[in-house]
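The numbers here are math on the coordinates, done by the rules we state, and not lab data. This structure is a prediction, so every number in the text was calculated from the model and none was measured. Reconstructed Cβ throughout: ideal geometry from the backbone, glycine too, with neighbour counts over all protein chains shown.
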Amino acid sequence: MNKKMKRTIDSFYAEKEQVSKPEETSNSKNASDCPPLHNALIEETIKSLKRELEDKWGKEREALQESNNFLKYELEKLKNSQEVQGNKIGELEKIKKSQESKNCELEKIKNSLESRICELEKTKNLQESRICELEKENNSLKKKISEMEKNSTDQNNTFKNSIGHIQKEVKKANEENNSLKIRTEQIETNDSLRQQESVKQKQKNDKLEKTMNYLLAKTTDLENRSRRDNLRIIGLSENYDEKKSLDTILQEIIKENCPDVIESEGKIGIERIHRTPSERNPKIKTPRNIVAKFQNYQIKEKILQAAKKKPFKYRGATIRITQDLAASTLKERRAWNMIFRKAQELGMQPRINYPAKLSIFFQGRRWTFNETNEFHLFLKKKPELNKKFDLQA
């Protein structure tokens, strides 16, 4: 269609040119002969003819384009219908295949049902035979039941006699039970009284325990205060005792380690000095401690402060000088040994305050603990410090 339209359009323009060319030649020949009005009319007619031709050509072209679009639309329809038919054919083939597979499955089900029916018939026959056997057993059981009923009448008579005897025994048992109930009630009342007494006794014991603990704390405090003028010298060999008295040895120790005390006071007044315990245990190789009681408390404190600043020595051997305390207080202080050493390593400035309290410097303030349990609870609240101590190891 497009080729034909192009051919018609080309032939139309060729004819138009052939028409216009002789007119132009005739116009050029007769231009001199024709008047100007006649020439203007000819030009106007030519222009009007051109317009009419162009209008006709535009309309025909639009009509041709519409027909062309219609033909394209029809072609697309045909293509789509062919695709739809192809899809429908594929679907029909799939349906056919699925129908064939279903037929095969139905045949399998049919065969399985037939085999199942055969099995059911066999089980039916077996059940019928079993029913016959059960009927025979039922008849035999009926015979046995009738015999049992005869025997049961005899047994019932014997049971009645025995029940009467049992009822008499039950009466006796009830009487005994009532007497036992009375006794148990008496015992329960006595028990409640005893429990009340035990509660009262426990309260008394608690009070006594509190007073005893208070008195023990008071006695240890009094013992420690009675020893406030005492110093304990640890690590001094007992070989020096054979040559000199303990009094002179202590004077020499003080002169050697803190002469300032001797210069200001002259000879230091010592009330008494001895080793403890009084008798030496041959199994223990370490020397016994020395306990010295000073006449002046202030001098004792000066010596103790000097011993805290630096370790004392006597003839090259290192000795320790500490405050003399009660045995129970020393035991409580020994419980802090591991914690004290670790705190020293960590630079926490540990101190053992009187009587057995640990004091450490941590996070810009000083903390005091009466018992080791308090310190462990404090470590649990401070995990960063707990890792450093690691007291479990």
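From the phi of every residue in segment 209-214, what ³J(HN,Hα) in whole Hz does the Karplus formula 6.51 cos²θ - 1.76 cosθ + 1.60 yield, where θ is phi - 60° and glycine or proline is x?
Rounded to whole hertz, the list is 5, 4, 5, 5, 4, 4.
Show the residues, 5+ positions off or on another chain, whose built amide H is closer than 5 Å to the amide H of residue 362.
It is 367, by chain and number.
Quick one: of 357/382; 243/302; 77/102; 50/72; 285/380, which pairs are farther than 30 Å apart, Cα to Cα?
77/102; 50/72; 285/380
Assign unit charges at the C-beta atoms only (+1 for Lys and Arg, -1 for Asp and Glu), then state the dipole size of segment 187-329 relative to its Cα centre in Debye, rounded to the nearest 20.
Dipole about the Cα centre, nearest 20: 320 debye.
What relative contact order, as a whole-number percentage, does segment 301-361 give when Cα pairs under 8 Å and 6 or more residues apart are counted?
Over segment 301-361, the number comes to 21 percent.
How high is the FRET efficiency between residue 338 and residue 185 when r is their beta carbon distance and R₀ equals 51 Å, given to the nearest 0.05? Present the calculation step by step, with values, prior to reporting the outcome.
Numbers: r = 60 Å, r/R0 = 1.17.
For residue 338 and residue 185, the calculated efficiency is 0.30.
Expected output is a single nm value to one decimal: the length gained when fully extending between residue 207 and residue 252, i.e. 0.36 nm times separation in residues minus the C-alpha distance. What is it?
The span from residue 207 to residue 252 would gain 11.0 nm if fully extended.
Set the Förster radius R0 to 45 Å, insert the Cβ-Cβ distance between residue 327 and residue 195 as r into 1/(1 + (r/R0)^6), and round the FRET efficiency to 0.05.
Working: r = 40 Å, r/R0 = 0.89.
For residue 327 and residue 195, the calculated efficiency is 0.65.
Subtract the Cα-Cα distance of residue 78 and residue 66 from 0.36 nm times their separation in residues, and report this length gain in nm to one decimal.
Extending this stretch completely gives an extra 2.5 nm.
Quick one: dipole size for the chain, taken about the Cα centre, charges +1 on Lys/Arg Cβ and -1 on Asp/Glu Cβ, in debye to the nearest 20.
Computed about the Cα centre, the dipole is about 3500 debye.
So for the chain, taking the charge dipole from beta-carbon charges (+1 Lys/Arg, -1 Asp/Glu), which of 378, 162, 226 sits furthest toward the positive end?
226
Here are some values of Rg and Dmax of the Cα atoms in Å: [x] 19.9, 58; [y] 66.1, 178; [z] 23.7, 70. Which one was computed from this structure?
Label [y] holds the value from this structure.
If I take R0 = 35 Å and measure r between the Cβ atoms of residue 308 and residue 381 in this structure, what FRET efficiency does the formula 1/(1 + (r/R0)^6) give, to the nearest 0.05?
0.70
Would any residue of segment 89-126 have its amide N under 18 Å from a label point 7 Å out along Cα→Cβ of residue 138? List them or say none.
Taking a point 7 Å out along Cα→Cβ of residue 138, the residues of segment 89-126 whose backbone N falls under 18 Å are 125-126.
Compute the relative contact order of the chain as a whole-number percentage, counting only Cα pairs closer than 8 Å that sit 6 or more residues apart in sequence. Let's see the in-between values first.
Values: 212 pairs, mean separation 40.6, N = 393.
Reported as a whole number, the value is 10 percent.
Excluding residues fewer than 8 places away in the same chain, name every one of the lysines whose C-alpha is closer than 21 Å to that of residue 160.
150, 168, 171, 172
Work out how much length residue 219 to residue 177 would gain on full extension: take 0.36 nm times their residue separation and subtract the Cα-Cα distance, in nm to one decimal.
On the way: separation 42, 0.36 × 42 = 15.12 nm, distance 5.97 nm.
Additional length available on full extension: 9.2 nm.
Quick one: work out Rg over Rh on the C-alpha atoms of segment 228-324, Rh as Kirkwood radius.
Numbers: Rg = 12.9 Å, Rh = 13.7 Å.
Reported Rg/Rh, Kirkwood definition of Rh: 0.94.
How large is ³J(HN,Hα), in whole Hz, for each residue of segment 125-138 in order, when computed from phi with the Karplus curve 6.51 cos²θ - 1.76 cosθ + 1.60 and θ = phi - 60°, using x for Gly and Pro?
Going residue by residue, I get 4, 5, 5, 4, 5, 5, 5, 4, 5, 5, 4, 5, 5, 4 Hz, with x marking Gly and Pro.
Compute the distribution of all C-alpha to C-alpha distances in segment 239-393, in bins of 10 Å from 0, and list the percent of pairs in each, rounded to whole numbers.
Reading upward from the zero bin: 8, 31, 28, 22, 9, 1.
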